[in-house]
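Working notes, beginning with the structure itself.
The values are calculated or read from the model by the stated rules, or taken from the named source; none is laboratory data. Please read these numbers as outputs of a predicted model, since none were measured by experiment. Glycine gets a Cβ as well: all are built from the backbone with ideal geometry, and neighbour counts include every protein chain shown.
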Amino acid sequence: MTLHSQTAIITGCARGLGAVIAETMWREGADLLLIDRPQSALHELRDRLTANNRPQQQFHAFPIDLSDPSAPQAILKEAQRHWPRLDILINNAGIQGPIGTIADNDWAAWRDTIQINLLAPAELCKLSIMWMRQTGGGRIVNLSGGGAAGLRPNFSAYATAKCGLVKFSETIAAEVADLGIRVNSIAPGPMNTAMLQEILNAGTEQAGAAEYEQVRKQVASGATDPQIAADLAVYLASEQSAGITGKLISALWDPWRTLHEQAAVLRSSDVYTLRRIVPADRGIAWPDA
């Protein structure tokens, strides 16, 4: 069990990818503090996990809404009530936010998306780092999503938040590298979750014809197995990935299972990071100004 006796906070874990991450980390021996809004869904997850009798493991559920600016402080206080240290933070919680052009978006919903998808995980990172630096380090994994590294019209709130979270992760990874704390982001790939259904419900007029058709095909084909991204989260939360930090890693397209063998190369390169593309990167030569 690669995470035996490790303590972990996981947000947005009542269903979808978060639930699969929780189940996988539980199998790997981690003590869990699970965060989500619906208390009943958290209890169902607890019952599934604790059905595998492991008295040596701790399971705690803390229902709270990350749209509340006081939530991150409350979550860390709850963790400190149970544990003397925090080893792992998984920021998985996220919402789609308003779909459609920015001019037609509900601004309160747009702000709520930034709060849940960017500000709350950023503050959880801050508070976790304050604790981790006192207890010898830790690992933080932030879930990215569509729009972080590519164009995503009609999803400006979601794309802005996720791009910001990836760049934030890259930045703080450099800040805490000497503290024994690693910070990485995951691009999980398209999964058949409620978010995809929201896009189908929005239709082509709001989501855009290209986005709608892409999602329709993904849903019809079964999309991506969330276990792949969950296994990557465990990999980044474990000591197997020691030396890898400040990276955005695709669960589907990157060779992450052996990435620790390239840790020395990654440390000295901008591979798997967000960067500006210049003409030379695309084989274009323009006259000097």
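Computed quantities for the displayed model
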item	result
Residue identified as in the same structural domain as GLU78 (by TED's automatic domain parsing), among the polar types (S, T, N, Q) and under 20 Å from PRO84 (Cα atoms) among GLN39, GLN57	GLN57
Per-region count, the range 97-137, residues over 18 Å from ALA74 (Cα atoms) and surrounded by 21 or more Cβ atoms within 10 Å (Cβ to Cβ)	4
Filter result for VAL183 (modelled with pLDDT of 90 or more and in a helix (DSSP H, G or I))	no
Output for the range 176-190, where each listed residue is surrounded by fewer than 20 Cβ atoms within 10 Å (Cβ to Cβ) and either in contact with a Lys or Arg (Cβ under 6 Å, 6 or more places away or on another chain) or on the phi < 0 side of the Ramachandran plot (or both)	ALA177, ASP178, LEU179, PRO190
Residue that is farthest from the chain's Cα centre (by Cα) [pool: residues in the range 217-250 that are of a type in the set (Gly, Ala, Ser) and part of a loop (DSSP other than H, G, I, E, B)]	GLY222
From the options ARG267, ARG257, ARG282, residue that is out of contact with any Phe, Trp or Tyr (no Cβ under 6 Å at 6 or more places or on another chain), more than 24 Å from GLY164 (Cα to Cα) and surrounded by 11 or more Cβ atoms within 10 Å (Cβ to Cβ)	ARG257
One residue from ALA93, ALA14, ALA51 being touching a Cys at 6+ places or on another chain (Cβ under 9 Å), in the same structural domain as THR245 (by TED's automatic domain parsing) and among the small types (Gly, Ala, Ser)	ALA93
Selection from the range 209-225 of residues that are within 24 Å of GLY12 (Cβ to Cβ) and surrounded by fewer than 22 Cβ atoms within 10 Å (Cβ to Cβ)	GLU211, GLN214, GLN218, VAL219, GLY222, ALA223, THR224, ASP225
Condition met for ASP231 (free of Cβ contacts under 8 Å to residues at least 24 places away in the same chain and assigned by TED's automatic domain parsing to the domain that holds GLY145)	no
Unmet criterion (only one of (1) part of a helix (DSSP H, G or I); (2) polar (S, T, N, Q); (3) farther than 26 Å from ASP270 by Cβ) for ASN192	(1)
First in the range 1-28 and under 19 Å from ALA79 (Cα atoms), second anywhere and of a type in the set (Phe, Trp, Tyr) and surrounded by fewer than 23 Cβ atoms within 10 Å (Cβ to Cβ), Cβ under 6 Å, 6 or more apart	THR7/TRP83
Pairs, first closer than 13 Å to MET195 by Cβ and not assigned by TED's automatic domain parsing to the domain that holds ALA207 in the range 135-159, second aromatic (Phe, Trp, Tyr) and assigned to a loop (DSSP other than H, G, I, E, B), C-beta under 6 Å, six or more apart	GLY147/PHE155
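Quick grid of which residues meet (1) at pLDDT below 95; (2) in a loop (DSSP other than H, G, I, E, B); (3) closer than 22 Å to MET195 by Cβ; (4) more than 14 Å from the chain's Cα centre (by Cα):
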| residue | (1), (2), (3), (4) |
| --- | --- |
| SER5 | yes, yes, no, yes |
| ALA8 | no, no, no, no |
| LEU17 | yes, no, yes, no |
| LEU32 | no, no, no, yes |
| SER40 | yes, no, yes, yes |
| ASN52 | yes, yes, no, yes |
| GLN56 | yes, yes, no, yes |
